[in-house]
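First the structure, in the form of structure tokens, and then the observations on it.
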Amino acid sequence: MKSGRRRLSDWIFGYGSLVWRPDFPFIERAPAAIEGWTRRFWQGSTDHRGVPGNPGRVVTLVHEPGARCWGMAYRIEAAVRDRVLGDLAHREKDGYDRIVLDLTFAEIGRDAVAGFVYRANERNPNYLGPSPLTAIAAQVAASHGPSGDNIEYVLRLAEALRAMQVDDAHVFALERLVIGTQAP
């Protein structure tokens, strides 16, 4: 399925903070993946993990042929879909667009489904793009916003991915660098 097409879905896919903190009612959750995308700390956060003038760094999706990004899929009731999507539109307002992608599940034999995914693209004003991982780690270590320390975001995401038995070299390398920036 091409990204950007909108259709009704009862599934939401999280690959960042939604993995560990969905903050919406769901009736089922399951590890899932999207094909052709990879997770990168290339989005600035001026409303959650940083502030204007000192943005934090949070994840977005970058198209990469052959890549697979694992996260958590949440099935929501159709009766609350509009409210949940409205709440998520507010939560993800700092540069994210909602797209629809196919979700494949870790559970063998389970069919793929269409799911809503929030992605920040390079055209939004808070997109920071690629930087050396050491520079990203320094920015993360220096950032704090209304939702807490940017370091917490990195550590919680790494912890959640490990609990799912997902190997994400970008996240885990950043985690190692960020841990190294913390004073003993």
Review point. TRP42: within 21 Å of LEU133 (Cβ to Cβ) and touching a Leu at 6+ places or on another chain (Cβ under 6 Å), yes or no?
Key: yes
Scanning the range 150-166 residue by residue, the ones that are more than 17 Å from SER45 (Cα to Cα) and either among the β-branched types (Val, Ile, Thr) or in contact with a helix residue (DSSP H, G or I) (Cβ under 8 Å, 6 or more places away or on another chain) (or both) total 6
Selection from the range 120-143 of residues part of a loop (DSSP other than H, G, I, E, B) and closer than 18 Å to ARG156 by Cα yields ALA142, SER143
If you go through PRO184, PRO130, PRO125, the only one that is under 28 Å from HIS90 (Cα atoms), at pLDDT below 95 and not basic (Lys, Arg) is PRO125
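Give the number of residues within the range 144-184 that are part of a helix (DSSP H, G or I) and closer than 18 Å to SER17 by Cβ.
First, the residues of the range 144-184 that are part of a helix (DSSP H, G or I): 150-163, 169-181.
Filter once more, so that each one left must be closer than 18 Å to SER17 by Cβ: 150-163, 170-172, 174-175, 178.
Selection size over the range 144-184: 20.
The values are calculated or read from the model by the stated rules, or taken from the named source; none is laboratory data. Predicted model only: the values in this text are computed from it and were never measured. Cβ: placed from backbone, ideal geometry, glycine included. Neighbour counts: every protein chain shown.
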